[in-house]
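First comes the structure, then the notes that go with it.
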Amino acid sequence: MNVFGRVKTSINTREAAERYGVEVNRHGKALCPFHNDRNPSLFVDDDHYHCYACGEHGDVIDLTAKLFGLKLYEAAQKLAYDFGITQDKPPDKAMQEKQNRKSEAQRLRENEKLCFSALLEYMKLLQEWKRLYVPRTPEDKHDDRFVEACHNLDYVEYLVDLLIMGDSYERKEVIEMVMTDSKLQKLQKHLKKVRKEEKHIGEQEL
Ligand SMILES: [Zn+2]
């Protein structure tokens, strides 16, 4: 692997940006150093950066070249030097960290799938309940399912919206929130119970 490959596979763009003085906030946003930026428009991810205002974008080597006015090869050399990556000494630690991040990203994607399918199923169920069990007359006792739908539907729709339309940080926050305190497991259990009950009712009606 040449110096470009070694640098790209072992150095995180965000870490390099921070090391070279670009302050990246927890949403991955920073004040863009390539134009006169007043609100953070630069988005810095693990393997690239992009400015939503001036359009600058690239990988860790492009970033370093732009910041220091270097040629790409010089920028790669600088990164290799600054992050201790040499040809004869493979960047074990850097490589390991990169792999850990990768598996973390994978885990996040898997969790996102689980959260999304459970929330989507719950949302459809609540929408159906709200329609089916709405009290028809003022004297009707409120059905528990209708009450549950009234309590939870707006919020669940909001979470599903965020998972569909939100940026990666909003989605991550939703996933983390749903994964804490075994909320997801409780929801899955609830859905399973409902499915079982509905199947039972279906059988009775036959
Ligand atoms: Zn910019």
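Please treat every number below as a calculation from the coordinates, not as lab data. Please read all numbers here as calculations on a predicted model, not as lab measurements. Quick reminder, even Gly has a Cβ in these numbers, built from the backbone with ideal geometry, and neighbours come from all protein chains shown.
Quick check: anything in region 17-37 surrounded by 14 or more Cβ atoms within 10 Å (Cβ to Cβ), assigned to a helix (DSSP H, G or I) and either of a type in the set (Gly, Ala, Ser) or within 19 Å of the chain's Cα centre (by Cα) (or both)?
For region 17-37, residues surrounded by 14 or more Cβ atoms within 10 Å (Cβ to Cβ), assigned to a helix (DSSP H, G or I) and either of a type in the set (Gly, Ala, Ser) or within 19 Å of the chain's Cα centre (by Cα) (or both): present.
Taking the residues in region 14-31 that are touching an Asp or Glu at 6+ places or on another chain (Cβ under 7 Å) and within 15 Å of the ligand (Cβ to nearest atom) as candidates, determine which candidate is farthest from THR64 (Cα to Cα).
GLY28
In region 8-53, which residues are aromatic (Phe, Trp, Tyr) and farther than 18 Å from ASP167 by Cβ?
Within region 8-53, TYR20, PHE34 qualify.
Looking for something more than 16 Å from the ligand (Cβ to nearest atom) and among the β-branched types (Val, Ile, Thr) - is there at least one such residue anywhere in region 36-46?
The answer is no; no qualifying residue exists.
So that you can scan it fast, the table gives a plain yes or no per residue for (1) without any contact (Cβ under 8 Å) to a residue 60 or more places away in the chain; (2) hydroxyl-bearing (Ser, Thr, Tyr):
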site: VAL7; (1), (2): no, no
site: SER10; (1), (2): no, yes
site: THR13; (1), (2): yes, yes
site: ASN39; (1), (2): yes, no
site: LEU42; (1), (2): yes, no
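Taking region 44-65 on its own, how many of its residues are over 19 Å from ARG171 (Cβ atoms) and either touching a residue at least 24 places away in the same chain (Cβ under 8 Å) or buried (at least 18 other Cβ atoms within 10 Å of the Cβ) (or both)?
9
Quick check on ALA53: is it within 24 Å of GLU104 (Cα to Cα), aliphatic (A, V, I, L, M) and within 14 Å of the ligand (Cβ to nearest atom)?
For ALA53, the condition - within 24 Å of GLU104 (Cα to Cα), aliphatic (A, V, I, L, M) and within 14 Å of the ligand (Cβ to nearest atom) - is not met.
Quickly run through region 131-151 and pick out the residues that are assigned to a helix (DSSP H, G or I) and surrounded by fewer than 16 Cβ atoms within 10 Å (Cβ to Cβ).
Listed by number, the residues that qualify are ARG131, LEU132, ASP144, VAL147, CYS150, HIS151.
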